[in-house]
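Have a look at the structure below before the remarks.
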Amino acid sequence: MKAAHSQRALRVGDQIQREVAQLLATTVKDPRLTGVTVTGVDVSADLSVAVVRYVAQGGLEREADTARGFASVAGLLRRAVAERLTIFKAPVLRFEYDRVFEEGSRLSALIDDARAADRRLLRDDDAS
């Protein structure tokens, strides 16, 4: 789904992000969703679909378990968001693990490894 860039879609996405985060902290009791952080929400241009991006403690190892947790509470979250939003019809909520943080960590580790290899090569050249 392509992210909508209208001001209204952005405002609705921000509001959905706040509401889902608050619901996860206060209302949802599913242990699979403990330690989940909502990182962003992309709303379609017609406001019919909202993709909720999240990360979880435990990272990718817990992704499948967390996805099952979201599947079990998706209806509850949509109803609760619908009650709080000021739009005619609440969007369908889709949940997607946000891999940006893991990818950033992986790239950072690769850069650190490359720098360490460069330092070793420079030391070897100096010793020669």
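The values are calculated or read from the model by the stated rules, or taken from the named source; none is laboratory data. What you see is a predicted model, and the numbers here were worked out from it, not measured in a lab. For neighbour counting, all protein chains shown are included, and Cβ atoms are generated from backbone atoms with ideal geometry for every residue, glycine included.
Yes/no per residue for (1) surrounded by 12 or more Cβ atoms within 10 Å (Cβ to Cβ); (2) more than 19 Å from Ser48 (Cα to Cα):
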| position | (1), (2) |
| --- | --- |
| Glu63 | yes, yes |
| Ala67 | yes, yes |
| Ser72 | yes, yes |
| Arg78 | yes, no |
| Ala82 | yes, no |
| Phe88 | no, no |
| Val92 | yes, no |
| Phe95 | yes, no |
- Query: Any idea how many residues of region 42-77 are more than 16 Å from Val92 (Cα to Cα), part of a loop (DSSP other than H, G, I, E, B) and polar (S, T, N, Q)?
  - Reply: 1
- Confirm whether Thr39 is in contact with a Lys or Arg (Cβ under 9 Å, 6 or more places away or on another chain), part of a helix (DSSP H, G or I), of a type in the set (S, T, N, Q) and at pLDDT 90 or above. no
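With the requirement that a residue be in a helix (DSSP H, G or I) and either modelled with pLDDT of 95 or more or over 15 Å from Glu63 (Cβ atoms) (or both), what does region 78-101 give you?
The initial filter retains those residues of region 78-101 that are in a helix (DSSP H, G or I), namely 78-84, 100-101.
Arg78, Arg79, Ala80, Val81, Ala82, Glu83, Arg84 - these are the residues of region 78-101 that are in a helix (DSSP H, G or I) and either modelled with pLDDT of 95 or more or over 15 Å from Glu63 (Cβ atoms) (or both).
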